[in-house]
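Remarks on the structure that follows.
The values are calculated or read from the model by the stated rules, or taken from the named source; none is laboratory data. As the structure is a prediction and not an experimental result, all values here were calculated from the model. Reconstructed Cβ throughout: ideal geometry from the backbone, glycine too, with neighbour counts over all protein chains shown.
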Amino acid sequence: MRETDERSQQGGPGSRTVAVTVASRIEPPGAAASSSSPLVQRLAIIGLGLIGASVGLACRARGLAGEIRGADEDPDHCAQAVALGVVDWAAADAAVAVEGADIVLLAVPVGAMEPTIKRIVPHLDSGAVVTDVGSVKGLVAAVMERLLPGGNGVPGHPITGREKSGPHAASAELFVGSKCVLTPSASTDPAAVLRVRTLWRAIGSEVLEMSPTRHDDIFAAVSHLPHVVSYALMGAMLDLADGGDDLREFAAGGLKDFTRVAMSHPVMWRDICLANRQPILKMIGQFQAALDHLTVMINAEDGEGLYRQFASAKAYREGFGNGNDGDDRKRTA
Ligand SMILES: NC(=O)C1=CN([C@@H]2O[C@H](COP(=O)(O)OP(=O)(O)OC[C@H]3O[C@@H](n4cnc5c(N)ncnc54)[C@H](O)[C@@H]3O)[C@@H](O)[C@H]2O)C=CC1
Ligand SMILES: O=C(O)C(=O)Cc1ccc(O)cc1
């Protein structure tokens, strides 16, 4: 049964008052940690959308955190996160949420990472570990190095998600069976890395480490380019519609499969494109070359060349599994 009580949470200077509903602690079967020694004493989650709220739910479901505090600039997301049991408490101002936290998780769009870190730094407990979930790592790693010089900043990126956003799209099982990449530098405190690793392991992720540059090159290819291409394809369809030829009613599974990710949050993808410009531009160039190659073969009626190209693409694609990564099992909405 859900116990609720209404209260008003007043944030720090410049913050708004957010009315929140406090839900009782979820005590799932088989919680991983006892309430006397949770993995995290006080977890602060800044950004209570899909990923931040999923981390909160995942920690709750496994009894990993003594207390979870949240912050989000959107008061509706604060209220929803509290009502869903993601956090005990939420406010608009991140500076208030991080007070007394031993782990701070930043789950805002990549473009909001630097201002958020600037805002919280003066309010962090000494020894607090700050980590993030941003899809681009070079920029966040540089900001952490600059603004968190004690080595307590651990850049991270869970490699799972979906096209939906906001706390209602969150799931406690989102990270089960997924990978999470950490990009610590030589000056990152190994104890801080271990704490973040342990947290991701406890909510179901396999943790890998690599440099931010390597990360950003890889994800420009496997994630950022596909999203850009999907948005571009929808852009081309929209141009047809603007010209009076709206063809959506004829769309079959192919177009829908291919463009699901074009329903992702535009702020998130704007920020990723701006933060990982060069690797993404390089991949767009390679994709354009691949399209040019197909253009030449189609124009030349080169059936043999087209067959070879499609057969090798089919075999390569079949080499990494089904139509999706199995995330549908974890999707709640
Ligand atoms: N959506 C996905 O599948 C994945 C997203 N990521 C990364 O996770 C981060 C969060 O993405 P999602 O949770 O999907 O987005 P979301 O849109 O669901 O959540 C973002 C939340 O941050 C809040 N927010 C935005 N600016 C803020 C600010 N300045 N201060 C406080 N709150 C702010 C928004 O109100 C929203 O509640 C992004 O950096 C994204 O690149 C990483 C892996 C997967
Ligand atoms: O919706 C999907 O399939 C995704 O690809 C989600 C996703 C988006 C951004 C990331 O950095 C990681 C995963």
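Return the pair list, or none, for Cβ contacts closer than 9 Å from residues in the range 208-226 that are assigned to a strand (DSSP E or B) to residues that are within 11 Å of ligand 2 (Cβ to nearest atom), at least 6 apart or on different chains.
Within 9 Å, the pairs are 208/159; 208/179; 208/180; 208/181; 209/181.
Give the residues of the range 43-81 that are among the basic types (Lys, Arg) and over 21 Å from residue 116 (Cα atoms), sorted by residue number. Give the steps one after another, and end with the answer.
Quick first cut of the range 43-81, residues among the basic types (Lys, Arg) only: 60, 62, 69.
Those that are among the basic types (Lys, Arg) and over 21 Å from residue 116 (Cα atoms): 60, 62.
Working carefully through the options 104, 86, 82, 108, find the one that is in a helix (DSSP H, G or I), in the same structural domain as residue 193 (by TED's automatic domain parsing) and either within 25 Å of residue 179 (Cα to Cα) or more than 16 Å from ligand 2 (Cβ to nearest atom) (or both).
Only one candidate qualifies: 82.
Give the range 56-83 a look and list any residue that's more than 10 Å from ligand 1 (Cβ to nearest atom), surrounded by fewer than 20 Cβ atoms within 10 Å (Cβ to Cβ) and farther than 24 Å from residue 201 by Cβ, or say none.
79, 83
Report, by residue number, each residue of the range 145-163 that is among the aliphatic types (A, V, I, L, M) and either in a loop (DSSP other than H, G, I, E, B) or in contact with a strand residue (DSSP E or B) (Cβ under 6 Å, 6 or more places away or on another chain) (or both).
Residues satisfying the conditions are 148, 154, 159.
Could you list, in sequence order, all residues of the range 220-265 that are in contact with a helix residue (DSSP H, G or I) (Cβ under 8 Å, 6 or more places away or on another chain) and under 20 Å from residue 157 (Cα atoms)?
Passing the criteria: 220, 221, 224, 225, 226, 227, 228, 261, 264.
For the range 212-230, state whether one or more residues are touching an Asp or Glu at 6+ places or on another chain (Cβ under 7 Å) and surrounded by 15 or more Cβ atoms within 10 Å (Cβ to Cβ). Spell out the reasoning first.
Here is the first cut: in the range 212-230, the residues touching an Asp or Glu at 6+ places or on another chain (Cβ under 7 Å) are none.
No, the conditions are met nowhere in the range 212-230.
Which residues, counting only those in the range 52-92, are in contact with a Phe, Trp or Tyr (Cβ under 9 Å, 6 or more places away or on another chain) and among the β-branched types (Val, Ile, Thr)?
Result: 55, 68, 82.
Based on what the data block shows, is residue 167 within 24 Å of residue 219 (Cβ to Cβ), within 15 Å of the chain's Cα centre (by Cα) and not hydroxyl-bearing (Ser, Thr, Tyr)?
no
Are there any pairs, at least 6 apart or on different chains, whose C-beta atoms fall under 7 Å, with the first in the range 257-268 and more than 10 Å from ligand 2 (Cβ to nearest atom) and the second not in a helix (DSSP H, G or I), and if so, which?
The qualifying pairs are 257/323; 267/109.
The conditions are (1) away from ligand 2 (no atom under 16 Å from the Cβ); (2) out of contact with any helix residue (DSSP H, G or I) (no Cβ under 6 Å at 6 or more places or on another chain); (3) in a loop (DSSP other than H, G, I, E, B); (4) within 26 Å of residue 188 (Cβ to Cβ), and residue 142 fails exactly one of them. Which is it?
Residue 142 satisfies all of (1) away from ligand 2 (no atom under 16 Å from the Cβ); (2) out of contact with any helix residue (DSSP H, G or I) (no Cβ under 6 Å at 6 or more places or on another chain); (3) in a loop (DSSP other than H, G, I, E, B); (4) within 26 Å of residue 188 (Cβ to Cβ) except (3).
Kindly list, by first and then second residue, each pair from a residue in the range 164-184 that is assigned to a helix (DSSP H, G or I) to a residue that is basic (Lys, Arg), limited to pairs with Cβ atoms under 9 Å and residues at least 6 apart or on different chains.
Listed pairs, sorted by first residue: 169/162; 169/331.
Restrict the check to the range 16-34 and report whether at least one residue is in the same structural domain as residue 119 (by TED's automatic domain parsing), modelled with pLDDT of 95 or more and more than 14 Å from residue 108 (Cβ to Cβ).
No: zero hits.
Report the residue count in the range 302-316 for those that are hydrophobic (A, V, I, L, M, F, W, C) and surrounded by fewer than 11 Cβ atoms within 10 Å (Cβ to Cβ).
2
Quick grid of which residues meet (1) within 15 Å of ligand 1 (Cβ to nearest atom); (2) under 27 Å from residue 76 (Cα atoms); (3) crowded, with 20+ Cβ neighbours inside 10 Å:
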position	(1), (2), (3)
94	yes, yes, yes
105	yes, yes, yes
111	yes, yes, no
123	yes, yes, no
141	yes, no, yes
146	no, no, no
155	yes, no, yes
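Of all residues in the range 189-205 being in contact (Cβ under 8 Å) with a residue 40 or more places away in the chain and not in a loop (DSSP other than H, G, I, E, B), which is farthest from residue 171 (Cα to Cα)?
Going through the qualifying residues, I end up with 192.
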